Amino acid sequence: MMFGDMGHGSLVFTFATILCLFKNKLKDGALGGFVKFRHMLLLMGMMSTYAGLIYNEFFAIPMNIFGSCYKLNDPVRKNPTVGDFSKDNTNIFRRTNSTCVYPWG
């Protein structure tokens, strides 16, 4: 259940927050089984949201929050050499500049 996604993590976090706030009212109801695990769910939601922010994912939709350090529209073709075992002419991308650093993650 734990993976990096901002949307999924925020839903788990919201559900766990409701369980923490209303534990006395919910422990005898249908959600009584979840009340025991409310703190674990709260941490799972926070960490999943954090990992989703690093991965730039919101409900499995990639988001380009911080941009890229690579020129993705300007690939350079890699020419296979005699000693190269991969003969598939894969693309490699140029960096925008040598000092590009991501602000998060």
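The values are calculated or read from the model by the stated rules, or taken from the named source; none is laboratory data. Every value quoted in this text rests on a predicted model; they were computed, and no experiment measured them. Cβ coordinates were reconstructed from backbone atoms using ideal geometry, including for glycine residues, and neighbour counts include every protein chain displayed.
Screening K78 with (1) within 27 Å of C100 (Cβ to Cβ); (2) at pLDDT 85 or above; (3) basic (K, R) gives one miss only, at (2).
Take the conditions at pLDDT 80 or above and surrounded by fewer than 13 Cβ atoms within 10 Å (Cβ to Cβ) and apply them to K25. Does it pass? In short, yes. Taking first residues from segment 38-62 that are more than 23 Å from N24 (Cβ to Cβ) and free of Cβ contacts under 8 Å to residues at least 40 places away in the same chain and partners that are of a type in the set (G, A, S) and surrounded by fewer than 13 Cβ atoms within 10 Å (Cβ to Cβ), the Cβ contacts under 9 Å between residues at least 6 apart in sequence or on separate chains come to N56/G105.
Scanning segment 33-43 turns up no residue that is at pLDDT 85 or above and assigned to a strand (DSSP E or B). Against the numbered list (1) over 27 Å from V101 (Cα atoms); (2) in a strand (DSSP E or B); (3) basic (K, R), K25 comes up short only at (2). Anything in segment 1-17 that is loosely packed, with under 14 Cβ neighbours inside 10 Å and either outside any loop (DSSP other than H, G, I, E, B) or of a type in the set (V, I, T) (or both)? List them, or say none. Listed by number, the list holds a single entry, T14.
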